[in-house]
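**Q** Let me begin by handing over the structure; questions about it come next.
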Amino acid sequence: MTVHHSDISGFYKLSVQERRRIVSEFAGLEGGEAQELSVTGSLSELVADKMIENVISTLEIPVGIAVNFRINQKDYLIPMAIEEASVVAACSNAARIARASGGFTSESSDPIMIGQIQIIQYDDYERVKTTILREKEKILKLANTRSRTLSSMNAGAKEIEVRILNDPNRSIVVHILIDVRDAMGANVVNSMCEAVAPYIEEITGCRTNLRILSNLTPHRVARSRAVFRKDLIGGEEIARRIVRAYEMADVDPYRAATHNKGIMNGIDAVLLATLNDWRSAEANAHTYHTVSGHLSLTRYWLTENGDVAGEIEIPLAVGTVGGSTNTVKKAAIFRKILGVGDSAEFSRVLAAVGLAQNFAALRALSAEGIQKGHMSLHARSIAISVGAMGEEVDAVSQAMVLENNVSMTRAKEILEAIRSGKN
Ligand code: MEV
(Lines give C-alpha, C1' and ligand atoms only; values in the text may rest on other atoms or scores of the structure.)
Protein backbone atom coordinates (compact mmCIF):
# COMPACT_ATOMS: atom_id res chain seq x y z
CA MET A 1 0.00 0.00 0.00
CA THR A 2 1.50 3.37 -1.08
CA VAL A 3 -0.23 6.46 0.30
CA HIS A 4 0.25 10.21 0.05
CA HIS A 5 -2.83 11.21 1.95
CA SER A 6 -3.68 10.98 5.62
CA ASP A 7 -7.09 9.29 5.49
CA ILE A 8 -5.66 5.80 5.74
CA SER A 9 -8.50 3.44 6.47
CA GLY A 10 -7.68 0.48 8.65
CA PHE A 11 -4.31 1.96 9.66
CA TYR A 12 -4.85 0.56 13.14
CA LYS A 13 -5.18 -2.99 11.76
CA LEU A 14 -1.74 -2.98 10.12
CA SER A 15 1.40 -4.33 11.70
CA VAL A 16 3.86 -1.88 13.24
CA GLN A 17 6.29 -2.52 10.37
CA GLU A 18 3.64 -1.89 7.74
CA ARG A 19 2.57 1.36 9.39
CA ARG A 20 6.20 2.43 9.56
CA ARG A 21 6.62 1.73 5.87
CA ILE A 22 3.56 3.84 4.97
CA VAL A 23 4.63 6.73 7.20
CA SER A 24 8.18 6.58 5.84
CA GLU A 25 6.87 6.81 2.32
CA PHE A 26 4.43 9.61 3.18
CA ALA A 27 7.14 11.68 4.86
CA GLY A 28 9.88 10.77 2.42
CA LEU A 29 12.09 9.29 5.13
CA GLU A 30 15.52 8.12 4.06
CA GLY A 31 16.43 4.45 4.61
CA GLY A 32 18.47 5.29 7.72
CA GLU A 33 15.66 7.33 9.24
CA ALA A 34 13.09 4.57 8.79
CA GLN A 35 15.61 2.13 10.26
CA GLU A 36 16.07 4.42 13.28
CA LEU A 37 12.33 4.24 13.97
CA SER A 38 12.55 0.47 14.29
CA VAL A 39 15.01 0.73 17.20
CA THR A 40 12.72 0.63 20.21
CA GLY A 41 15.05 0.01 23.15
CA SER A 42 13.75 -1.87 26.18
CA LEU A 43 10.11 -1.06 25.40
CA SER A 44 9.43 -3.64 22.72
CA GLU A 45 7.30 -2.94 19.69
CA LEU A 46 5.00 -5.69 20.87
CA VAL A 47 4.26 -4.03 24.21
CA ALA A 48 4.11 -0.49 22.77
CA ASP A 49 1.59 -1.67 20.18
CA LYS A 50 -0.68 -2.91 22.97
CA MET A 51 -0.43 0.33 24.97
CA ILE A 52 -1.70 2.86 22.42
CA GLU A 53 -3.08 2.88 18.89
CA ASN A 54 -1.32 3.20 15.52
CA VAL A 55 2.14 2.68 16.98
CA ILE A 56 5.14 3.13 14.68
CA SER A 57 7.98 3.46 17.18
CA THR A 58 8.96 4.49 20.70
CA LEU A 59 10.88 7.53 21.93
CA GLU A 60 13.82 7.60 24.30
CA ILE A 61 14.53 10.57 26.51
CA PRO A 62 17.24 10.88 29.16
CA VAL A 63 16.54 9.84 32.72
CA GLY A 64 18.72 11.51 35.36
CA ILE A 65 18.77 11.06 39.12
CA ALA A 66 18.19 14.01 41.43
CA VAL A 67 20.38 13.48 44.48
CA ASN A 68 20.52 14.94 48.00
CA PHE A 69 16.82 14.60 48.79
CA ARG A 70 15.90 14.04 52.41
CA ILE A 71 12.14 14.14 52.97
CA ASN A 72 10.56 13.45 56.37
CA GLN A 73 13.90 12.02 57.56
CA LYS A 74 14.12 9.54 54.67
CA ASP A 75 16.67 9.71 51.86
CA TYR A 76 15.51 9.40 48.24
CA LEU A 77 17.17 9.11 44.86
CA ILE A 78 14.73 10.63 42.41
CA PRO A 79 14.54 9.53 38.76
CA MET A 80 13.62 12.35 36.38
CA ALA A 81 12.85 11.90 32.69
CA ILE A 82 13.26 15.19 30.86
CA GLU A 83 14.77 16.61 27.69
CA GLU A 84 15.60 20.01 29.23
CA ALA A 85 19.16 20.55 30.39
CA SER A 86 19.82 21.84 33.92
CA VAL A 87 16.56 20.70 35.55
CA VAL A 88 18.10 17.67 37.30
CA ALA A 89 21.20 19.61 38.36
CA ALA A 90 19.14 22.52 39.70
CA CYS A 91 16.82 20.20 41.61
CA SER A 92 19.73 18.29 43.19
CA ASN A 93 21.39 21.54 44.12
CA ALA A 94 18.33 22.94 45.89
CA ALA A 95 17.91 19.61 47.72
CA ARG A 96 21.53 19.85 48.89
CA ILE A 97 20.90 23.32 50.32
CA ALA A 98 17.64 22.21 52.01
CA ARG A 99 19.42 19.14 53.40
CA ALA A 100 21.78 21.38 55.37
CA SER A 101 18.73 22.52 57.37
CA GLY A 102 17.29 19.02 57.83
CA GLY A 103 15.69 18.52 54.42
CA PHE A 104 12.03 18.72 53.47
CA THR A 105 9.01 18.22 55.70
CA SER A 106 6.08 17.02 53.62
CA GLU A 107 2.51 16.06 54.37
CA SER A 108 -0.45 14.88 52.33
CA SER A 109 -4.22 14.83 52.63
CA ASP A 110 -6.57 11.90 52.07
CA PRO A 111 -6.78 10.91 48.37
CA ILE A 112 -10.22 12.38 47.68
CA MET A 113 -11.16 12.86 44.03
CA ILE A 114 -14.23 14.57 42.59
CA GLY A 115 -16.48 12.96 39.98
CA GLN A 116 -18.80 15.32 38.10
CA ILE A 117 -22.24 14.65 36.67
CA GLN A 118 -23.71 17.48 34.61
CA ILE A 119 -27.50 17.93 34.60
CA ILE A 120 -28.71 19.85 31.57
CA GLN A 121 -32.49 19.73 31.56
CA TYR A 122 -34.39 20.49 34.73
CA ASP A 123 -37.27 22.58 35.97
CA ASP A 124 -36.30 23.77 39.44
CA TYR A 125 -32.77 23.77 40.89
CA GLU A 126 -33.87 23.64 44.53
CA ARG A 127 -36.16 20.66 43.86
CA VAL A 128 -33.40 18.76 42.02
CA LYS A 129 -30.86 19.52 44.74
CA THR A 130 -33.20 18.45 47.55
CA THR A 131 -34.10 15.21 45.73
CA ILE A 132 -30.48 14.30 45.12
CA LEU A 133 -29.38 15.07 48.68
CA ARG A 134 -32.35 13.12 50.08
CA GLU A 135 -31.20 10.08 48.06
CA LYS A 136 -27.54 10.60 48.97
CA GLU A 137 -27.01 7.27 50.74
CA LYS A 138 -28.53 5.30 47.88
CA ILE A 139 -26.42 7.17 45.31
CA LEU A 140 -23.24 6.54 47.31
CA LYS A 141 -24.13 2.88 47.71
CA LEU A 142 -24.74 2.53 43.99
CA ALA A 143 -21.43 4.27 43.21
CA ASN A 144 -19.61 1.93 45.58
CA THR A 145 -20.84 -1.14 43.70
CA ARG A 146 -18.23 -0.14 41.08
CA SER A 147 -15.28 -0.97 43.33
CA ARG A 148 -15.33 -3.82 45.77
CA THR A 149 -11.68 -3.17 46.56
CA LEU A 150 -12.29 0.42 47.70
CA SER A 151 -15.42 -0.58 49.62
CA SER A 152 -13.53 -3.31 51.43
CA MET A 153 -10.96 -0.69 52.47
CA ASN A 154 -13.68 1.59 53.84
CA ALA A 155 -12.82 4.00 51.00
CA GLY A 156 -14.80 4.77 47.81
CA ALA A 157 -17.67 7.27 47.35
CA LYS A 158 -18.12 9.27 50.56
CA GLU A 159 -20.03 12.48 49.97
CA ILE A 160 -22.25 14.31 47.50
CA GLU A 161 -22.46 18.00 46.68
CA VAL A 162 -24.82 19.78 44.29
CA ARG A 163 -23.85 23.05 42.58
CA ILE A 164 -25.40 25.34 40.02
CA LEU A 165 -23.14 26.94 37.40
CA ASN A 166 -23.11 30.22 35.54
CA ASP A 167 -22.95 28.75 32.04
CA PRO A 168 -25.60 30.06 29.60
CA ASN A 169 -28.07 27.30 30.52
CA ARG A 170 -27.21 27.19 34.22
CA SER A 171 -26.09 23.56 34.41
CA ILE A 172 -26.48 21.74 37.69
CA VAL A 173 -23.41 19.70 38.65
CA VAL A 174 -23.41 16.80 41.08
CA HIS A 175 -20.05 16.16 42.72
CA ILE A 176 -19.30 12.73 44.11
CA LEU A 177 -16.34 12.81 46.51
CA ILE A 178 -14.44 9.55 46.26
CA ASP A 179 -11.56 8.24 48.34
CA VAL A 180 -9.48 6.36 45.75
CA ARG A 181 -6.64 5.26 48.09
CA ASP A 182 -3.52 4.38 46.04
CA ALA A 183 -5.00 4.76 42.57
CA MET A 184 -4.75 7.90 40.46
CA GLY A 185 -8.48 7.32 40.33
CA ALA A 186 -9.60 8.25 36.81
CA ASN A 187 -11.05 4.83 35.99
CA VAL A 188 -12.91 4.22 39.20
CA VAL A 189 -14.25 7.78 39.39
CA ASN A 190 -15.49 7.68 35.79
CA SER A 191 -17.11 4.27 36.34
CA MET A 192 -18.89 5.50 39.45
CA CYS A 193 -20.18 8.61 37.67
CA GLU A 194 -21.50 6.52 34.79
CA ALA A 195 -23.10 4.08 37.22
CA VAL A 196 -25.07 6.68 39.18
CA ALA A 197 -26.10 9.02 36.34
CA PRO A 198 -29.13 6.90 35.25
CA TYR A 199 -30.34 6.74 38.85
CA ILE A 200 -30.02 10.51 39.17
CA GLU A 201 -32.09 10.86 35.99
CA GLU A 202 -34.66 8.47 37.43
CA ILE A 203 -35.13 10.24 40.76
CA THR A 204 -35.03 13.79 39.38
CA GLY A 205 -36.65 13.30 35.97
CA CYS A 206 -33.79 15.37 34.51
CA ARG A 207 -31.29 14.66 31.73
CA THR A 208 -27.61 14.18 32.50
CA ASN A 209 -24.74 14.92 30.15
CA LEU A 210 -21.05 14.71 31.21
CA ARG A 211 -20.02 12.00 33.66
CA ILE A 212 -16.32 12.34 34.33
CA LEU A 213 -13.71 12.96 37.02
CA SER A 214 -12.42 16.45 37.67
CA ASN A 215 -8.69 16.86 37.22
CA LEU A 216 -8.81 19.64 39.78
CA THR A 217 -8.33 17.93 43.17
CA PRO A 218 -8.48 20.52 45.97
CA HIS A 219 -9.16 17.76 48.51
CA ARG A 220 -6.11 15.76 47.41
CA VAL A 221 -3.12 17.98 48.10
CA ALA A 222 0.45 17.70 49.30
CA ARG A 223 2.54 20.26 51.16
CA SER A 224 6.25 20.50 51.63
CA ARG A 225 8.44 22.91 53.58
CA ALA A 226 12.17 23.59 53.75
CA VAL A 227 14.63 26.22 54.90
CA PHE A 228 17.40 27.42 52.59
CA ARG A 229 20.28 28.96 54.55
CA LYS A 230 21.35 32.41 53.42
CA ASP A 231 25.06 31.53 53.61
CA LEU A 232 24.50 28.72 51.10
CA ILE A 233 22.54 30.79 48.58
CA GLY A 234 24.71 33.87 48.18
CA GLY A 235 23.81 35.97 51.21
CA GLU A 236 21.08 38.21 52.57
CA GLU A 237 20.51 40.26 49.46
CA ILE A 238 19.83 37.14 47.34
CA ALA A 239 17.54 35.82 50.10
CA ARG A 240 15.50 39.04 49.98
CA ARG A 241 15.37 38.95 46.17
CA ILE A 242 14.03 35.38 46.22
CA VAL A 243 11.13 36.49 48.39
CA ARG A 244 10.50 39.46 46.06
CA ALA A 245 10.49 37.07 43.09
CA TYR A 246 7.84 34.92 44.77
CA GLU A 247 5.75 37.98 45.63
CA MET A 248 5.66 38.93 41.98
CA ALA A 249 4.50 35.45 40.93
CA ASP A 250 1.66 35.53 43.41
CA VAL A 251 0.06 38.61 41.85
CA ASP A 252 1.12 38.58 38.20
CA PRO A 253 -0.36 35.82 36.00
CA TYR A 254 2.36 36.33 33.38
CA ARG A 255 5.05 35.55 35.92
CA ALA A 256 2.93 32.91 37.70
CA ALA A 257 2.72 30.86 34.49
CA THR A 258 6.53 30.70 34.28
CA HIS A 259 7.04 30.29 38.02
CA ASN A 260 4.61 27.35 38.17
CA LYS A 261 6.00 25.92 34.93
CA GLY A 262 9.34 25.65 36.70
CA ILE A 263 7.69 23.71 39.54
CA MET A 264 6.16 21.33 37.01
CA ASN A 265 9.56 20.85 35.31
CA GLY A 266 10.51 18.77 38.33
CA ILE A 267 7.18 17.10 39.05
CA ASP A 268 6.46 16.15 35.43
CA ALA A 269 9.93 14.66 35.06
CA VAL A 270 9.32 12.27 37.97
CA LEU A 271 5.84 11.47 36.69
CA LEU A 272 7.21 10.72 33.23
CA ALA A 273 10.01 8.49 34.53
CA THR A 274 7.41 6.46 36.43
CA LEU A 275 4.89 6.73 33.56
CA ASN A 276 2.21 8.59 35.45
CA ASP A 277 -0.24 10.99 33.83
CA TRP A 278 1.67 14.27 33.85
CA ARG A 279 -1.00 16.03 31.77
CA SER A 280 -3.50 15.65 34.60
CA ALA A 281 -0.88 16.95 37.04
CA GLU A 282 -0.37 20.00 34.79
CA ALA A 283 -4.10 20.68 34.51
CA ASN A 284 -4.51 20.28 38.25
CA ALA A 285 -1.63 22.53 39.26
CA HIS A 286 -2.41 25.32 36.81
CA THR A 287 -6.11 25.48 37.77
CA TYR A 288 -5.57 25.32 41.51
CA HIS A 289 -5.41 29.11 41.93
CA THR A 290 -9.14 29.27 41.09
CA VAL A 291 -9.93 27.55 44.38
CA SER A 292 -6.88 28.41 46.52
CA GLY A 293 -6.89 32.10 45.66
CA HIS A 294 -3.09 32.03 45.17
CA LEU A 295 -1.46 32.32 41.76
CA SER A 296 1.81 30.90 43.02
CA LEU A 297 1.90 27.29 44.18
CA THR A 298 4.79 28.17 46.49
CA ARG A 299 5.34 30.79 49.17
CA TYR A 300 8.60 32.16 50.58
CA TRP A 301 9.47 34.32 53.54
CA LEU A 302 12.55 35.29 55.53
CA THR A 303 13.17 33.59 58.84
CA GLU A 304 14.26 35.60 61.86
CA ASN A 305 17.91 35.15 60.96
CA GLY A 306 17.46 35.99 57.29
CA ASP A 307 17.33 32.49 55.79
CA VAL A 308 14.67 31.71 53.20
CA ALA A 309 11.78 29.48 54.29
CA GLY A 310 9.75 27.99 51.47
CA GLU A 311 6.51 26.07 51.26
CA ILE A 312 4.52 24.50 48.47
CA GLU A 313 0.88 23.46 48.49
CA ILE A 314 -0.06 21.59 45.38
CA PRO A 315 -2.96 19.37 44.38
CA LEU A 316 -1.58 16.01 43.25
CA ALA A 317 -3.54 13.01 42.05
CA VAL A 318 -0.94 10.32 41.55
CA GLY A 319 -1.31 6.59 41.88
CA THR A 320 0.91 3.69 42.80
CA VAL A 321 -1.57 1.06 41.65
CA GLY A 322 -3.04 0.77 38.15
CA GLY A 323 -1.73 2.96 35.34
CA SER A 324 1.08 2.15 32.93
CA THR A 325 4.00 1.84 35.35
CA ASN A 326 3.86 -1.91 35.45
CA THR A 327 3.50 -2.34 31.69
CA VAL A 328 6.83 -0.74 30.99
CA LYS A 329 9.69 -2.47 32.79
CA LYS A 330 11.93 0.55 33.06
CA ALA A 331 9.16 2.67 34.59
CA ALA A 332 8.69 -0.04 37.22
CA ILE A 333 12.43 -0.02 37.90
CA PHE A 334 12.45 3.77 38.23
CA ARG A 335 9.62 3.52 40.74
CA LYS A 336 11.60 0.95 42.65
CA ILE A 337 14.54 3.38 42.73
CA LEU A 338 12.19 6.15 43.90
CA GLY A 339 11.13 3.83 46.72
CA VAL A 340 7.70 5.24 47.54
CA GLY A 341 5.35 2.83 49.30
CA ASP A 342 1.99 4.37 48.46
CA SER A 343 0.39 7.23 46.60
CA ALA A 344 0.41 9.51 49.65
CA GLU A 345 4.18 9.13 50.04
CA PHE A 346 4.56 9.62 46.29
CA SER A 347 2.71 12.93 46.48
CA ARG A 348 4.84 14.06 49.44
CA VAL A 349 8.00 13.38 47.44
CA LEU A 350 6.61 15.18 44.39
CA ALA A 351 5.74 18.23 46.48
CA ALA A 352 9.34 18.39 47.76
CA VAL A 353 10.66 18.06 44.20
CA GLY A 354 8.37 20.90 43.07
CA LEU A 355 9.58 23.14 45.90
CA ALA A 356 13.23 22.32 45.20
CA GLN A 357 12.84 22.99 41.49
CA ASN A 358 11.10 26.29 42.11
CA PHE A 359 13.62 27.40 44.72
CA ALA A 360 16.50 26.59 42.35
CA ALA A 361 14.96 28.71 39.59
CA LEU A 362 14.23 31.66 41.89
CA ARG A 363 17.74 31.51 43.33
CA ALA A 364 19.35 31.54 39.90
CA LEU A 365 17.02 34.29 38.65
CA SER A 366 17.71 36.39 41.73
CA ALA A 367 21.49 35.96 41.42
CA GLU A 368 23.45 35.24 38.26
CA GLY A 369 20.37 34.86 36.00
CA ILE A 370 19.11 31.70 34.40
CA GLN A 371 21.11 31.75 31.20
CA LYS A 372 24.55 31.15 32.67
CA GLY A 373 23.76 27.66 33.96
CA HIS A 374 21.42 26.94 31.10
CA MET A 375 23.92 27.96 28.48
CA SER A 376 26.69 25.58 29.40
CA LEU A 377 24.28 22.64 29.50
CA HIS A 378 22.51 23.82 26.36
CA ALA A 379 25.92 24.11 24.69
CA ARG A 380 26.60 20.47 25.52
CA SER A 381 23.42 19.29 23.84
CA ILE A 382 24.15 21.49 20.79
CA ALA A 383 27.65 19.95 20.64
CA ILE A 384 26.14 16.45 20.77
CA SER A 385 23.55 17.32 18.13
CA VAL A 386 26.26 18.29 15.63
CA GLY A 387 28.04 14.97 16.19
CA ALA A 388 30.64 15.72 18.87
CA MET A 389 31.68 12.58 20.73
CA GLY A 390 33.51 11.81 23.99
CA GLU A 391 35.92 14.59 24.94
CA GLU A 392 34.86 16.64 21.91
CA VAL A 393 31.54 17.40 23.67
CA ASP A 394 33.23 19.36 26.48
CA ALA A 395 35.75 20.95 24.13
CA VAL A 396 33.09 22.24 21.73
CA SER A 397 30.65 23.36 24.41
CA GLN A 398 33.28 25.10 26.55
CA ALA A 399 34.61 26.96 23.55
CA MET A 400 31.13 28.17 22.62
CA VAL A 401 30.37 29.32 26.18
CA LEU A 402 33.70 31.18 26.38
CA GLU A 403 32.92 32.95 23.12
CA ASN A 404 29.34 33.55 24.31
CA ASN A 405 28.23 32.16 20.96
CA VAL A 406 26.20 28.97 21.40
CA SER A 407 24.82 27.89 18.05
CA MET A 408 24.75 24.90 15.73
CA THR A 409 26.79 26.78 13.15
CA ARG A 410 29.54 27.65 15.60
CA ALA A 411 29.47 24.14 17.11
CA LYS A 412 30.05 22.64 13.65
CA GLU A 413 32.93 25.02 12.95
CA ILE A 414 34.64 24.25 16.26
CA LEU A 415 34.13 20.52 15.82
CA GLU A 416 35.62 20.64 12.32
CA ALA A 417 38.56 22.65 13.62
CA ILE A 418 39.16 20.13 16.42
CA ARG A 419 39.00 17.20 14.02
CA SER A 420 41.32 18.80 11.51
CA GLY A 421 43.78 19.43 14.35
CA LYS A 422 43.48 23.24 14.24
CA ASN A 423 42.37 23.50 17.82
C1 MEV B 1 12.51 27.00 32.67
O2 MEV B 1 12.14 25.75 32.14
C3 MEV B 1 11.85 27.25 34.00
C4 MEV B 1 12.06 28.65 34.57
O5 MEV B 1 11.68 29.63 33.62
C6 MEV B 1 11.22 28.77 35.81
C7 MEV B 1 11.16 30.17 36.40
O8 MEV B 1 11.36 31.17 35.67
O9 MEV B 1 10.85 30.25 37.59
C10 MEV B 1 13.51 28.89 34.88
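**Q** Going by amide H atoms built from the backbone, whose H comes under 5 Å of the H on Gly319, apart from near neighbours?
**A** Amide H to amide H, under 5 Å and 5 or more residues apart or across chains, Gly319 pairs with Met184.
**Q** Once the piece of chain linking Asn190 and Gln371 is laid out straight, how much longer is it, given 0.36 nm per residue of separation minus the C-alpha distance between them? Could the numbers behind the result be given before it?
**A** Values: separation 181, 0.36 × 181 = 65.16 nm, distance 4.41 nm.
Fully extending the segment from Asn190 to Gln371 adds 60.8 nm.
**Q** Let me know the charge dipole size of the stretch 277-423 about its Cα centre in debye, to the nearest 20, where only the beta-carbon of Lys, Arg (+1) and Asp, Glu (-1) is charged.
**A** Using Cβ point charges on Lys, Arg, Asp and Glu, the stretch 277-423 gives about 480 debye.
**Q** If you place +1 on the Cβ of every Lys and Arg and -1 on the Cβ of every Asp and Glu, how big does the dipole about the Cα centre of the stretch 112-214 come out, in debye to the nearest 20?
**A** Values: 14 positive and 13 negative charges, 38 e Å.
About 180 debye.
**Q** Show that you can apply the helix-only estimate: for the chain, add -39,500 (n - 2.57) for every DSSP H stretch of four or more residues, divide by all residues, and state [θ] at 222 nm to the nearest 500.
**A** Dividing the helical sum by the residues of the chain leaves -15500 deg cm²/dmol.
**Q** Under a 1.4 Å probe, what is the accessible area of the chain per residue, stated in Å²?
**A** So the chain comes to 51 Å² accessible per residue, rounded to a whole number.
**Q** Picking from Ser57, Thr40, Pro79, whose Cα lies most toward the positive end of the charge dipole for the stretch 34-121 (charges on Cβ: Lys, Arg +1; Asp, Glu -1)?
**A** Ranked along the dipole, the leading option is Pro79.
**Q** Still on this model: Quick one: if the Förster radius is 35 Å, what FRET efficiency do Arg207 and Lys50 give, using the C-beta to C-beta distance and rounding to 0.05? Walk me through the numbers on the way to the answer.
**A** Numbers: r = 37 Å, r/R0 = 1.06.
E between Arg207 and Lys50, to the nearest 0.05, is 0.40.
**Q** Note the direction-averaged projected area, equal to a quarter of the hull surface, for the Cα convex hull of the stretch 1-60, in nm².
**A** With every direction weighted equally, the projected area is 4.1 nm².
**Q** Next up: Please give the charge dipole size of the chain, origin at the Cα centre, charges +1 on K and R Cβ atoms and -1 on D and E Cβ atoms. Round to the nearest 20 debye.
**A** My answer is approximately 760 debye.
**Q** Can I ask one more? Show me, bin by bin at 5 Å from 0, the whole-percent P(r) of the stretch 334-423 based on Cα pairs.
**A** 3, 13, 17, 13, 9, 11, 12, 10, 7, 3, 1, 0
**Q** If Rh is defined by the Kirkwood formula over all Cα pairs and Rg also comes from Cα, what ratio Rg/Rh do you get for the chain?
**A** Using only Cα positions, Rg/Rh for the chain is 1.04.
**Q** Once neighbouring chains are kept in place and the probe is 1.4 Å, which whole percent of the accessible area of the chain is contributed by carbon and sulfur?
**A** 52
**Q** Right, next: Add +1 for every Lys or Arg and -1 for every Asp or Glu among the other residues with Cβ under 15 Å from the Cβ of Arg279, and state the total. Mind showing how you got there, number by number?
**A** On the way: positive: Lys261; negative: Asp268, Asp277, Glu282.
Every neighbour counted, the sum reads -2.
**Q** Same structure again: Would you kindly derive the ³J(HN,Hα) couplings of the stretch 58-68 from the backbone phi angles with the Karplus curve 6.51 cos²θ - 1.76 cosθ + 1.60 (θ = phi - 60°), listing them in order in whole Hz, with x for Gly and Pro?
**A** Values, residue by residue: 10, 10, 9, 9, x, 10, x, 10, 7, 9, 6 Hz.
**Q** Apply 1/(1 + (r/R0)^6) to the Cβ-Cβ distance of Ser42 and Asp394, taking R0 = 30 Å, and write down the FRET efficiency to the nearest 0.05. Kindly include the intermediate steps, with their values, before the conclusion.
**A** Values: r = 28 Å, r/R0 = 0.95.
Once rounded, the FRET efficiency stands at 0.60.
**Q** What length, rounded to one decimal in nm, is gained on full extension from Arg229 through to Thr290, with 0.36 nm per residue of separation minus their alpha-carbon distance? Present the calculation step by step, with values, prior to reporting the outcome.
**A** On the way: separation 61, 0.36 × 61 = 21.96 nm, distance 3.24 nm.
18.7 nm is the gain from fully extending Arg229 to Thr290.
**Q** I would also like to ask the following. As a test of the definition: which semi-axes, in Å, follow for the stretch 372-422 when you take the square root of five times each eigenvalue of its alpha carbon gyration tensor? Largest first, please.
**A** Computed over the stretch 372-422, the values are 16, 11, 9 Å.
**Q** So how tilted is helix 186-204 from the main axis of the chain? Cα-based, degrees 0 to 90, rounded to 10.
**A** 30
**Q** In addition: May I ask which residue of Phe359, Gly369, Ile337 lies farthest towards the positive end of the charge dipole of the stretch 326-386, with charges of +1 (Lys, Arg) and -1 (Asp, Glu) on Cβ and the Cα centre as origin?
**A** Ile337
**Q** Now a separate question. Restrict the search to the stretch 185-235; then list the GluC sites (Glu not before Pro) that DSSP places in a loop and that have at most 11 other Cβ atoms within 10 Å of their Cβ.
**A** none
The values are calculated or read from the model by the stated rules, or taken from the named source; none is laboratory data. Computed from a predicted structure; not experimentally measured. All Cβ positions, even for glycine, are placed from backbone atoms using ideal geometry, and neighbour counts span all protein chains on display. Surface areas here come from the heavy atoms of the whole protein model, side chains and all, with no ligands, DNA or RNA. Shrake-Rupley method; radii C 1.70, N 1.55, O 1.52, S 1.80 Å.
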